[in-house]
Amino acid sequence: MSGAAAADPRARAFAAGARDILPTMPANAAWALVTGIAMAQSGLPLGQGVGLSLIAYAGSAQLAALPLLVAGAPVWITVLTALMVNLRFVIYSAALSRTFKVLPLGQRLGLGYFIGDISFVLYLRAEERLGSPAERARYFMGLSLVLFFVWHLASLVGLFAAASIPREWGLDFAGLLALVALLAPMLASRPALAGSAVAAVLATLARHWPFRLGLVVAILAGIAVAVALDGRRRSEP
């Protein structure tokens, strides 16, 4: 790093973000790899799988929408399912807006596209020690760009290598382990844990509902519980 870059707090913030997210990359890469393989082995045409991976940039939403796409479900059901699975990003955006609302609209839109689960969690942990909104934005981009490139690279590897990987390798279990490794740090607070528990119970009870509507209801209920508990906690003296 040059002397000018080292003296620039925004450059230091970007580098710190890129460094802080590196330990999570093995789990992220494993999850992206399994997501790519699942899309390829589902019967979805390769071109559509690549397009879905590059445009959606959301592993959980991709896997939720995948069986609906393959089964030829109505488009509105598929879109609604993906939106419901990703509804948590509305909450993430609201939390980030407290700091980033002073930035230009174009920059805010760019930051919004790059929001990810683990980058959001790591950013919140570091936010207080960062300075201006510009520094915080650079730190967030340091987190997000590393995640973005690793995710897409691993997902595309999974898509193109799926034909040579036997189905009996149990990749669904490997994906579950990777997802648990990513989500575990997010359950440190009581509201998140309670919301996740409610969503898990309801999703299990409603697992036979058509078009995965039980999953939609479970997600909405879990978010409602988490938001309510978080609001109550913030209002306490």
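What about residue 51, is it surrounded by fewer than 20 Cβ atoms within 10 Å (Cβ to Cβ), assigned by TED's automatic domain parsing to the domain that holds residue 143, free of Cβ contacts under 8 Å to residues at least 40 places away in the same chain and under 16 Å from residue 134 (Cα atoms)?
no
Yes/no per residue for (1) crowded, with 18+ Cβ neighbours inside 10 Å; (2) in contact with a strand residue (DSSP E or B) (Cβ under 8 Å, 6 or more places away or on another chain); (3) more than 15 Å from residue 147 (Cβ to Cβ):
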position	(1), (2), (3)
13	yes, no, yes
19	no, no, no
23	no, no, no
41	no, no, yes
45	no, no, yes
56	no, no, no
80	no, no, yes
85	yes, no, yes
98	no, no, yes
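Scan segment 112-135 for residues that are surrounded by fewer than 18 Cβ atoms within 10 Å (Cβ to Cβ) and either closer than 19 Å to residue 148 by Cα or over 20 Å from the mean Cα position of the chain (by Cα) (or both) and report the count.
Looking only at segment 112-135, we keep the residues that are surrounded by fewer than 18 Cβ atoms within 10 Å (Cβ to Cβ), and these are 112-114, 124-129, 131-134.
Narrowing further to those that are either closer than 19 Å to residue 148 by Cα or over 20 Å from the mean Cα position of the chain (by Cα) (or both): 112-114, 124, 128-129, 131-134.
Going through segment 112-135 one residue at a time, the tally reaches 10.
Would you mention how many residues in segment 198-233 are of a type in the set (D, E, K, R) and surrounded by 14 or more Cβ atoms within 10 Å (Cβ to Cβ)?
Result for segment 198-233: 2.
From the list 36, 72, 47, 51, which residue is farther than 19 Å from residue 154 by Cα and either over 13 Å from the mean Cα position of the chain (by Cα) or among the charged types (D, E, K, R) (or both)?
From the options 36, 72, 47, 51, the qualifying one is 72.
For the structure I just gave you, tell me whether residue 221 is outside the structural domain of residue 64 (by TED's automatic domain parsing) and at pLDDT 75 or above.
Criteria met by residue 221.
Conditions: (1) in contact with a Leu (Cβ under 8 Å, 6 or more places away or on another chain); (2) in a helix (DSSP H, G or I); (3) surrounded by 14 or more Cβ atoms within 10 Å (Cβ to Cβ); (4) not aromatic (Phe, Trp, Tyr). Residue 70 meets all but one. Number of the miss?
That leaves (3) as the condition not met.
The values are calculated or read from the model by the stated rules, or taken from the named source; none is laboratory data. Here the structure is a predicted model, which is why all the values come from computation and not from measurement. Cβ atoms come from the backbone with ideal geometry, glycine included; neighbour counts cover every protein chain shown.
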